[in-house]
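Following: one structure in structure tokens, then a few remarks.
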Amino acid sequence: SKKMKGMVAVKRAIDYAVKVRVSPDKTGVVKDSVKHSCNPFDEIAVEEALRLKEKGVLKEIVAVSIGGPKSQEILRSSALALGCDRAIHVALKDDKTDIEPLHVAKILASLVQKESPSLVFTGKQAIDDDSCSVPQMLAGLLGWSQGTFAAEMSVADKTVNLKRETDAGVQVLQLSVPSVISCDLRLNEPRYAKLPDIMKAKKKPLETIPVADTGVDITPRLQIIEVSEPPTRAAGKKVGSVQELLDSLKNEAKVL
């Protein structure tokens, strides 16, 4: 069968190990002087695309990212250095600008029209806003099949065999290509970039497209009223007997 082109979307997000703090004006979180890295689920998406290229299913992998100037660092270190062939950076005006999931999906759809991939890989969600909706919206806009929360997959001819994790267990799907795949934690274990590959990544093609050139209006449609810290957990207490425990659960905790 003819080899296909793959596209993988990556996002620059606050590093998973950072304790996120709400900004003083309560409109978002503190991003200045905070470590950022590639969204962990997107690393899994990159790895899956690379494995399909190594198996001879994909002929080329194009990595894409939408964000400020620092998103280019993520494209180079977390996509090109690992084996993606080239990259497209859709440039927002700065690294603080956030855009809504529908706008992300529309921008990705415009890149799909430009590049004509057969498979688009994304992480199942970004760990900063936890929207978990771009892959679904993208598949809807394109009219493509979608396999979300993928935990296992294989491709034969123009068919994707996929196992996806749901609250009720594992669902087995068969999808026709072209398809959007969102990648869950158990799909694979991402590789690390080797130093020579990090150096080579600096020479790989990286195209920058101003967001205005995509034709997508990124004017916000949603308004964030307030961002607040989760309530701190109250201290526990020791009880002297089963009767005292039941009394506390009934009259203090009000759970009985």
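The values are calculated or read from the model by the stated rules, or taken from the named source; none is laboratory data. The shown structure was predicted, so the numbers you read here are calculated from the model rather than taken from an experiment. In this analysis, Cβ positions are derived from the backbone assuming ideal geometry, glycine residues included, and neighbour counts consider all displayed protein chains. These accessible areas exclude ligands, DNA and RNA; they are computed on the full protein's heavy atoms, side chains included. Shrake-Rupley method; radii C 1.70, N 1.55, O 1.52, S 1.80 Å.
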Next on the checklist: Can you tell me which of (1) of a type outside the set (Lys, Arg); (2) in a loop (DSSP other than H, G, I, E, B); (3) in contact with an Asp or Glu (Cβ under 6 Å, 6 or more places away or on another chain) is the one Gly56 doesn't meet?
Outcome noted: (3)
Item to check | Residue match in the stretch 157-166 (condition: hydrophobic (A, V, I, L, M, F, W, C) and modelled with pLDDT of 90 or more) | outcome: yes
Next on the checklist: Based on this model, can you work out whether Leu245 counts as surrounded by 10 or more Cβ atoms within 10 Å (Cβ to Cβ), within 30 Å of Ser133 (Cβ to Cβ) and without any contact (Cβ under 8 Å) to a residue 60 or more places away in the chain?
Outcome noted: no
Next on the checklist: Testing Lys203 on (1) open to solvent by 90 Å² or more (accessible area, probe 1.4 Å); (2) in contact (Cβ under 8 Å) with a residue 40 or more places away in the chain; (3) part of a loop (DSSP other than H, G, I, E, B); (4) within 30 Å of Arg51 (Cβ to Cβ), one condition comes back false. Which one is that?
Outcome noted: (2)
Checklist entry - If you check Val180 against the conditions, is it closer than 29 Å to Ile66 by Cα, hydrophobic (A, V, I, L, M, F, W, C) and touching a Phe, Trp or Tyr at 6+ places or on another chain (Cβ under 7 Å)? => result yes
Next on the checklist: Could you go through the stretch 78-86 and let me know if any residue there is part of a helix (DSSP H, G or I), closer than 18 Å to Ile209 by Cβ and not aliphatic (A, V, I, L, M).
Outcome noted: no
Next on the checklist: Pro190 - would you say it is modelled with pLDDT of 95 or more, under 16 Å from Val64 (Cβ atoms) and not hydrophobic (A, V, I, L, M, F, W, C)?
Outcome noted: no
Item to check | All positions within the stretch 159-174 that are open to solvent by 100 Å² or more (accessible area, probe 1.4 Å) and farther than 21 Å from Leu52 by Cβ | outcome: Asp167, Ala168
Checklist entry - From the residues in the stretch 75-134 that are within 13 Å of the chain's Cα centre (by Cα) and among the hydroxyl-bearing types (Ser, Thr, Tyr), which one is surrounded by the most Cβ atoms within 10 Å (Cβ to Cβ)? => result Thr122
Checklist outcome for this item: Among the residues of the stretch 1-59, the number that are open to solvent by 40 Å² or more (accessible area, probe 1.4 Å), over 18 Å from Glu73 (Cβ atoms) and not small (Gly, Ala, Ser) is 15
Item to check | Cβ pairs under 8 Å, 6+ apart, first in the stretch 217-234 and modelled with pLDDT of 95 or more, second of a type in the set (Asp, Glu) and open to solvent by 100 Å² or more (accessible area, probe 1.4 Å) | outcome: none
Checklist entry - Exactly one of (1) at pLDDT below 95; (2) among the basic types (Lys, Arg); (3) under 16 Å from the mean Cα position of the chain (by Cα) is unmet by Lys11. Its number? => result (1)
Checklist entry - When you go through (1) among the acidic types (Asp, Glu); (2) touching a Pro at 6+ places or on another chain (Cβ under 8 Å); (3) assigned to a helix (DSSP H, G or I); (4) within 16 Å of Thr208 (Cα to Cα) one by one for Asp94, which number turns out not to apply? => result (3)
Item to check | Count of the stretch 135-193 residues which are touching a residue at least 40 places away in the same chain (Cβ under 8 Å), closer than 15 Å to Phe121 by Cβ, among the aliphatic types (A, V, I, L, M) and not in a strand (DSSP E or B) | outcome: 5
